[in-house]
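Each remark here refers to the structure printed beneath this line.
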Amino acid sequence: MEKSVGIDLGGTFIKAGLTTSDGALLKSMSFPTLAEKGSRDVVLRQMEKAIDFALQGTDKKVKGIGIGTPGIVDDKGCVFDSPNLPEWENLPLQNIFQDKYSMPVVVENDVNAITWGEFLYGAGKGSNTMICVTLGTGVGGGIVHNGKLMRGKTYSAVEIGHMTIDYKGPQCKCGNYGCIERYVGRDYIVAKAVDAIKEGKETLIYILAERKIENITPKLIKEAWRKGDFIARQILEDVGLCLGALFTSLVNLFNPEIIVIGGGISQQADIIFSIIEKTIQERAMKRLTINVKVIPAGLGNETGIIGAGALVFQK
Ligand SMILES: [Zn+2]
């Protein structure tokens, strides 16, 4: 069994671990990213600490290091467009760590890393074509097509979050209009609850938030839904319908076996999954919907580390 180091780089924490070629996580630890210091070198040093921790006591039996980073990554492991990390622009991450550790280093967009991990060991195990979407502040996505991570010609990003679902929709921070992220990103889901409250609608969401708008979170909206709140139900149904419309296009394009959904609002929210499935069945090309399954991500909180480590085991 081969081993690899998995590094899941986030704006707040760097999660590091030692993973195996059958998807086990032998050890893991979180390190602060220290992005607030505003220095690229400080973050790189934190990454070194994280890698050193994972390599400690492994007797050089490690096949390589996999790194999942926010942003767009090119085919040489150079990172672009990562606004939450300081000076993370045109940064040759692969070269930096390959020189330092003298072993193969694979750098990928973080959601692509999660997608690969879910494909090899998680919800997509055994499938051939899979789409993975992560819901959070933003909406991330990755696609495995015929057993290979889709990377495009030179850049690794499958920016599902910035697919247009309404060409006359509001502008997104990426510059495009009517992106799916503009409807189901964390802040926009919360804004729907806030709007309803400001319109004077009665909702348990406001009571659970102790009548403070700033306390409203997607988690709290789900709690209100579970307790039978009408507004919360409407919000979650709308999230399901938006995602259902998006996946209808993706099913028509890629004919996937499995659609994996992970992250915040989707956890323990059966209502979202059932509406997505219903929408796909109603709207996508009939033949393409016969075998498609919509399921929650399977690797839990460590999915970023396991996915990053799994990058080393790509064929
Ligand atoms: Zn966008």
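The values are calculated or read from the model by the stated rules, or taken from the named source; none is laboratory data. Values in this document were obtained by computation on a predicted structure and should not be read as measured data. All Cβ positions, glycine included, derive from the backbone under ideal geometry; neighbour counts span all protein chains shown. Ligands, DNA and RNA are stripped out before the accessible areas are found, and what is left, the full protein with its side chains, is counted by its heavy atoms. Shrake-Rupley method; radii C 1.70, N 1.55, O 1.52, S 1.80 Å.
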Find the residue count for region 274-303, including only residues that are among the hydrophobic types (A, V, I, L, M, F, W, C) and assigned to a helix (DSSP H, G or I). 4
Take region 140-165 and flag every residue that is within 16 Å of the ligand (Cβ to nearest atom) and within 18 Å of VAL251 (Cα to Cα). GLY140, GLY141, VAL158, GLU159, ILE160, GLY161, HIS162, MET163, THR164, ILE165
LEU311 fails exactly one of (1) closer than 30 Å to VAL73 by Cα; (2) without any contact (Cβ under 8 Å) to a residue 12 or more places away in the chain, namely (2)
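Do you know which residues across region 113-127 are in contact with a Ser or Thr (Cβ under 6 Å, 6 or more places away or on another chain) and of a type in the set (Gly, Ala, Ser)? Lay out the reasoning, then the answer.
Going through region 113-127, the residues in contact with a Ser or Thr (Cβ under 6 Å, 6 or more places away or on another chain) turn out to be 114, 117.
Selection gives GLY117 alone.
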Please go through region 28-42 and pick out each residue that is open to solvent by less than 50 Å² (accessible area, probe 1.4 Å) and either closer than 10 Å to LEU9 by Cα or part of a strand (DSSP E or B) (or both). PHE31, THR33
So is THR137 β-branched (Val, Ile, Thr) and touching a Lys or Arg at 6+ places or on another chain (Cβ under 6 Å) or not? yes
Of the conditions (1) open to solvent by less than 60 Å² (accessible area, probe 1.4 Å); (2) more than 30 Å from MET103 (Cα to Cα); (3) among the small types (Gly, Ala, Ser); (4) not in a helix (DSSP H, G or I), the single one that GLY240 does not satisfy is (4)
For residues in region 177-191 being at pLDDT 95 or above and in a loop (DSSP other than H, G, I, E, B), which is farthest from ALA157 (Cα to Cα)? GLY178
Do we find that TYR167 is open to solvent by 50 Å² or more (accessible area, probe 1.4 Å), of a type in the set (Phe, Trp, Tyr) and assigned to a loop (DSSP other than H, G, I, E, B) in this structure? yes
From the list THR203, THR217, exactly one residue is open to solvent by less than 30 Å² (accessible area, probe 1.4 Å), of a type in the set (Ser, Thr, Tyr) and touching a residue at least 12 places away in the same chain (Cβ under 8 Å). Which is it? THR203
Residue count, region 124-144 (criterion: over 19 Å from ILE72 (Cβ atoms) and either free of Cβ contacts under 8 Å to residues at least 60 places away in the same chain or open to solvent by 60 Å² or more (accessible area, probe 1.4 Å) (or both)): 3
Determine whether TYR177 is touching a strand residue (DSSP E or B) at 6+ places or on another chain (Cβ under 9 Å), open to solvent by 60 Å² or more (accessible area, probe 1.4 Å), within 16 Å of ALA245 (Cβ to Cβ) and not acidic (Asp, Glu). yes
Count of residues meeting criterion [of a type in the set (Asp, Glu), farther than 20 Å from ASP99 by Cβ and more than 22 Å from the chain's Cα centre (by Cα)] in region 15-63: 2
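Residues are listed down the side, and each one gets a yes or a no for (1) assigned to a strand (DSSP E or B); (2) open to solvent by less than 70 Å² (accessible area, probe 1.4 Å):
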position: ASP8; (1), (2): yes, yes
position: LEU26; (1), (2): yes, no
position: LEU44; (1), (2): no, yes
position: LYS49; (1), (2): no, no
position: LYS63; (1), (2): yes, no
position: ILE67; (1), (2): yes, yes
position: PRO86; (1), (2): no, yes
position: GLN98; (1), (2): no, yes
position: ILE114; (1), (2): no, yes
